[in-house]
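Here the structure comes first, spelled out in structure tokens, and everything after it is commentary.
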Amino acid sequence: MHLTVREFEEPDREPLRRIYTASRRAAFTWQDAAAFQPADFDTDTEDECILVALADGVPVGFASIWEPDSFLHTLFVHPDFQHKGVGKMLLTHCSAYFTAATPTLKCLKANAPAIGFYLHQGWQAVADGDSPDGPYLLFARPAEGA
């Protein structure tokens, strides 16, 4: 399997909608799966920089970044392609789009696998908070050399 990452192109929209829906339904088991709809992708990534992970040229995951705040808003990999290095590759490519020395992201506390992933990638939980989707941890990636 050959993995690559590139910026979003309009033909990616439909596959990424499906990935977003399938990934959230698989990961957020404590929520009503019917609440996750393909059109959520459009709303949740509006005005963000979107990077697309491809396996042999086919979209299998994506990350979206709110560049003004160096905030990683979403990172999702299709369930069939998890644990194959796709998420790590996306996260590595996001670095070029972070404008601040210390980028951040939020992760729901109920999403233990994602928390483990970010910790394993060197991110640190620096605060916690509440959102309409539940309690979350705020993660920051330490500056290089810190």
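The values are calculated or read from the model by the stated rules, or taken from the named source; none is laboratory data. Because the structure is a prediction, the values reported are computed rather than measured. Every residue, glycine as well, gets a Cβ built from its backbone with ideal geometry; the counts of neighbours run over all protein chains shown.
Quick check on residue 137: is it at pLDDT 95 or above and either assigned to a loop (DSSP other than H, G, I, E, B) or surrounded by 18 or more Cβ atoms within 10 Å (Cβ to Cβ) (or both)? Walk me through it before giving the result.
Values: at pLDDT 95 or above: yes; either assigned to a loop (DSSP other than H, G, I, E, B) or surrounded by 18 or more Cβ atoms within 10 Å (Cβ to Cβ) (or both): yes.
Yes.
Here are the criteria: (1) surrounded by 15 or more Cβ atoms within 10 Å (Cβ to Cβ); (2) in a helix (DSSP H, G or I). Tell me which single one residue 110 does not satisfy.
So the condition that residue 110 fails would be (2).
Is it true that residue 24 is out of contact with any Pro (no Cβ under 8 Å at 6 or more places or on another chain), surrounded by 13 or more Cβ atoms within 10 Å (Cβ to Cβ), at pLDDT below 95 and not in a loop (DSSP other than H, G, I, E, B)?
yes
Looking at the structure I just gave you, is residue 68 surrounded by 16 or more Cβ atoms within 10 Å (Cβ to Cβ) and either under 14 Å from the mean Cα position of the chain (by Cα) or touching a residue at least 12 places away in the same chain (Cβ under 8 Å) (or both)?
So residue 68 fails the test.
Can you run down the residue pairs with Cβ atoms below 9 Å, 6 or more apart or on separate chains, where the first is in region 72-95 and under 18 Å from residue 48 (Cα atoms) and surrounded by fewer than 22 Cβ atoms within 10 Å (Cβ to Cβ) and the partner is hydroxyl-bearing (Ser, Thr, Tyr) and at pLDDT below 95?
none
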